[in-house]
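To start, the structure under review is shown below, and the notes come after it.
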């Protein structure tokens, strides 16, 4: 009997121990799972979420923005153009008629792009290169209606243009704040690529403040580039279309792609909406862009050579180095000096030239901006009152330099001495749609040394003379390989 009782007691004790151990085991594992879930830094792997939680929903943004993006069609009429013989000269043209070049009939040309309606009463923004040189511009709305458009203004420096159609109650896209755009942010590109209907593509912001040099050849050295770079698919025909955020706000105008083939290869570039908004307002109000200048030349870490980085200490200060300060400029009046490092424009930190350009491009002559700079390791802030290209704060009514259709650079001191001139502007390219190509037989390599018999040595002097109220300009200059002075007349309609 004692033996049986002992076995029962052992079995009972074993059962109790087993139950206790199992219960402890499962409770501990349950506590461990709860502990992991309660740790705030650990999250289940999931798709990108919105600030409110859940998936980023781009459907509303795509629906509303696609209604306000239009298809732009342009036509350039047939015309007689002249191929200029590079070995001929204007003196032969004058003496023997057409020996300097051959005339031929250029057939009508058609092109297309995209645009964005930015007001209910019919103002549309697009790229300058979409409508450049066009004789007729039409706009096809999302509902397939076609309207004739008038070009309100064009700006080669930013590659923007404004159109107007006589229509009311149009759907439009509101501006977003491009300064608040973040890397990795979801965006949509909306336009009419490759002759397709309205097309929406999605991607993320992969970089900001990109300068790719695409506007330089069309703006005579005054290009403003600070692109938003995305990986949203953009192709020919998308130019002038909308880049919108998840709320459907306009944060950029699609302008260019980086591609070895001419079609999308992974990177697209959009003009920030804060620049777009200011340029559009200027064109509507004044007819051209009122651009403010500080009056400095500069260099940043990205532009500099390794020798310049070491010599100027660009790797030691996070800012933009002032190389020169123009006499009588806004910068000089505010006390900025050569060797200063600009670190902020207003409240915005700037580390590169494009960042600084983007901020200044949002202001007009007469506006006062706070500029923070470092000098000798000490940081200070001054107020700078911006001026126009004439050196004052007046409204510039005539901006001929953007309409000439030429690219140029200033002569170097060595070139000036060799050609026995005090300076001048060397023409590096002539666009067929500009006033120079349409009204003269000027050739590349021409050096502009005079405007209306007044000497021109620098780009600033050139633009100042062209900004007068006159509607005729005589450009005088020389060719490096020819003797004598040549003159070309330009008339502004």
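Results, tabulated for the structure shown:
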read-out: Cα Rg over Rh - the range 296-385, Kirkwood; value: 0.94
read-out: Along each principal axis, Cα extent of the range 302-351, largest first, Å; value: 32, 26, 15
read-out: Burial order of peptide ranges 252-261, 317-326 (average beta-carbon count within 10 Å, highest first); value: 252-261, 317-326
read-out: Once the Cα gyration tensor of the range 103-153 is diagonalised, semi-axes √(5λ) in Å; value: 24, 13, 9
read-out: Distance cut-off 27 Å, percentage of C-alpha pairs in the range 295-449 lying past it; value: 40 percent
read-out: Cα centroid of the range 427-444 to Cα centroid of the range 165-241, whole Å; value: 29 Å
read-out: The range 152-310 - convex hull of alpha carbons, volume per residue in Å³; value: 151 Å³
read-out: For the range 124-216, diffusion coefficient by Stokes-Einstein and Kirkwood Rh (Cα), 10 °C, 1.306 mPa s, µm²/s; value: 101 µm²/s
read-out: Coarse-grained scattering of the range 140-180 at q = 0.19 Å⁻¹, given as base-10 log I(q)/I(0) from a Debye sum over alpha-carbon atoms; value: -0.82
read-out: Diffusion constant of the range 252-333 at 4 °C, which comes from Stokes-Einstein with the Kirkwood Cα-pair radius and 1.567 mPa s, µm²/s; value: 79 µm²/s
read-out: Ranked packing of 166-173, 447-454, most packed first, by mean Cβ within 10 Å; value: 447-454, 166-173
read-out: Anisotropy class of the range 386-493 from Cα gyration tensor, a/c 1.5 cut; value: oblate
read-out: For peptides 201-212, 223-234, 109-120, sequence by mean Cβ density within 10 Å, most packed first; value: 223-234, 109-120, 201-212
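Here, each number is a calculation from the coordinates, and none is a lab measurement. It should be emphasised that the depicted structure is a prediction, and the values quoted were computed from it without experimental measurement. Using ideal geometry, Cβ is built from the backbone for each residue, glycine included, and neighbour counts are taken over all protein chains shown.
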